[in-house]
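As C-alpha cells, the structure follows; a few thoughts come after it.
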Amino acid sequence: MAHGVHRPQEDAEFDFVLSMTTGPVLAYFCGTWPKAVEACRAMDAVVGELVSEYGTRFTAVRTDMTRCPGPTKRYGVAGAPTVVLIEEGEAVASQAGPMSHEEFRAFLDAHLRP
C-alpha cells in the first residue's frame, strides 16, 4: 500500500478523515471477494503513483466496501473498484472499474481544480 493513503477500518474512521481534510478526497472503494481483489490491488499501485505525482492536491482513502458500508451506500458504490472524488462531503465525480495510470490521471485532471 502506498504511503499517504488512508485505510479506514470502519464508517466513523472514514467520516473522520473526510472531516479533517480541507481539500478533495479521492476515495477508491475496494472489495475482498475474488473477482475484485486483483483489480483493487492494481488500483493500489496506480493510486500510490498518483499520490506521489499529485502531492497535496488530494487526499487518498482506500475504502473496503465491507468494513465501511455507510460511505459505500452514501456514494452509490455498487462494485469494486470504484473511484469517487469528494469535495466538502459531496461526490463531484465517480468512475467504476479498473483504470490504467493514464486513465486515472485523465480522470483527476478533468475533475481536480488546478
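Of all residues in region 57-72, exactly one satisfies the criterion of being open to solvent by 50 Å² or more (accessible area, probe 1.4 Å) and free of Cβ contacts under 8 Å to residues at least 40 places away in the same chain, namely Thr66.
For region 73-102, which positions are among the polar types (S, T, N, Q) and either open to solvent by less than 30 Å² (accessible area, probe 1.4 Å) or under 18 Å from Trp33 (Cα atoms) (or both)? Hit for region 73-102 is Thr82, nothing else. Are any residues in region 41-82 in contact with a Pro (Cβ under 9 Å, 6 or more places away or on another chain) and closer than 19 Å to Glu102 by Cβ, and if so, which ones? Answer for region 41-82, where residues must be in contact with a Pro (Cβ under 9 Å, 6 or more places away or on another chain) and closer than 19 Å to Glu102 by Cβ: Ala42, Met43, Val46, Arg57, Phe58, Pro81. Report yes if Val37 is surrounded by 16 or more Cβ atoms within 10 Å (Cβ to Cβ), outside any loop (DSSP other than H, G, I, E, B) and on the phi < 0 side of the Ramachandran plot, otherwise no. Judged against the criteria, Val37 is not a match. In summary, strands (runs of 3 or more DSSP E) completely within region 51-114 and bearing 1 or more residues that are of a type in the set (Lys, Arg) and at pLDDT 95 or above occur at 59-64. With respect to the conditions (1) in contact (Cβ under 8 Å) with a residue 12 or more places away in the chain; (2) surrounded by fewer than 19 Cβ atoms within 10 Å (Cβ to Cβ); (3) of a type in the set (A, V, I, L, M), Val46 falls short on a single one, namely (2).
The values are calculated or read from the model by the stated rules, or taken from the named source; none is laboratory data. Because the structure is a prediction, the values reported are computed rather than measured. FYI the Cβ positions are ideal-geometry reconstructions off the backbone, even for glycines, and counts take in every protein chain you see. Protein only, heavy atoms only, side chains kept; ligands, DNA and RNA dropped before computing areas. Shrake-Rupley method; radii C 1.70, N 1.55, O 1.52, S 1.80 Å.
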